[in-house]
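Nothing in this text is a laboratory measurement; each read-out follows from the coordinates by a stated rule. Note that the structure is predicted; figures quoted are calculated from it, not measured. Cβ atoms come from the backbone with ideal geometry, glycine included; neighbour counts cover every protein chain shown.
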Amino acid sequence: MMTKSSAVIDMNPLLALEELDLKRKNVRDQLRGIPTRRDQIQAEIAKFDRSLKEKEQATATKEKNLSAAELDLKSSQTQEGEKKLKLNSVKTQKEYDALKIEIDTLIDGRGKLEETILLLMDEIAELKTLLKKEKAAGEIRKKEFQEQIAALDASQKKLDAESQTLDGESQAKVEELSADVRREYAKLRANFPEGKILSKLSADEDNAFICSACNSPVSHQVVIDIKRGTALYHCEYCRRLLMS
Ligand SMILES: [Zn+2]
């Protein structure tokens, strides 16, 4: 397909426009990636907060268990004291033996309680040390995350402005095109919403001319016309505009 023209067609504005469009696409791609990156960082922060909270809850549970064990210990000691007092006032050997057994059971039980208390105290101390370390390291990481988010916000602002400027430049360049070329540009952009719309002629191994975008052959006559620069030709296969 070709568009005849008596004057030599200047391809430079189209080339410049294509380059501008590629820049615009690049800026748009960068902008598109920003929300995902921001979400990822925020998810990292939330994950860290959750892990810290879980450890705090585990510590609180163990502290509660410790208080309960300490209370049990105290109550066992009180009961032992009371039973020992009772020993003085029992009247039969049978009563005395029964009380003795109760007291021994209390003392046995206390051994286990004391073990539990010591174990819990160790575990709590360990958890608290870990928490302290994680909190300190976490504060630093969180600060880094927040800085990353601030940097993303800043680059989004910058890219938005850049995108607007490029859109304006592109619009201005389109308006500078001659009516024919502008129609061509609109058609090409309809076929290729993004990416290259122009394709340079190149030569294959046998020195035959091909479209450099899709490697399809281009006839000799078309090459002559293109080199003269008086007509616009599309590649028959990929539909890009051919240029020398
Ligand atoms: Zn082609």
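Helix 93-176: angle to the longest alpha-carbon principal axis of the chain, degrees 0 to 90, nearest 10?
10 degrees
Give the lysines reachable from K196 as a straight Cα distance under 19 Å; neighbours fewer than 8 places away on the same chain don't count.
Correct list for K196: K23, K25, K173, K187.
List I197, I210 from most exposed to least, where exposure is judged by having the fewest other Cβ atoms within 10 Å.
By the 10 Å Cβ count, ascending, the order reads I210, I197.
Would you list which lysines come within 18 Å of K86, measuring only between C-alpha atoms, while excluding same-chain residues fewer than 8 positions from it?
Qualifying lysines at Cα under 18 Å: K94, K100.
Could you give the angle, 0 to 90 degrees to the nearest 10, between helix 179-191's Cα long axis and the longest principal axis of the Cα atoms of the chain?
Between the helix axis and the principal axis of the chain, the angle is about 40 degrees.
In 5 Å bins starting at 0, how do the alpha-carbon pair distances of the stretch 157-240 split up by percent?
Spelled out per bin, shortest first, that is 3, 13, 18, 20, 16, 12, 9, 5, 3, 1, 0.
Taking just the alpha carbons, could you work out the radius of gyration and Dmax for the stretch 17-177, both in angstroms?
In Å, with Rg to one decimal and Dmax whole: 34.7, 121.
Looking only at Cβ-Cβ distances, which cysteines of the chain have no other cysteine closer than 4.7 Å?
When partners are defined as cysteine Cβ atoms under 4.7 Å apart, the chain leaves no cysteine without one.
Among all stretches of the chain without exposed GluC sites (Glu not before Pro) (DSSP loop, at most 13 other Cβ atoms within 10 Å), which one is longest?
Values: sites that count: E194, E205.
Longest run free of exposed loop sites: 1-193.
Considering only DSSP beta bridges with both partners in the chain, what is the antiparallel share in %, to the nearest 5?
75 percent
Taking the stretch 91-244, how much of its Cα-Cα pair set, in percent, is spaced more than 28 angstrom apart? Walk me through the numbers before you get to the answer.
Details: 7552 of 11781 pairs.
Distances greater than 28 Å cover 64 percent of the Cα pairs.
Amide H to amide H under 5 Å from K200: which residues, 5+ apart in sequence or cross-chain, H placed 1.01 Å off N in plane?
Amide H to amide H, under 5 Å and 5 or more residues apart or across chains, K200 pairs with S212, A213, M243.
Within straight cross-link reach of K55, meaning Cα distance under 22 Å, which lysines are found once same-chain residues fewer than 8 apart are removed?
K47, K64, K128, K132, K133, K135, K142, K143
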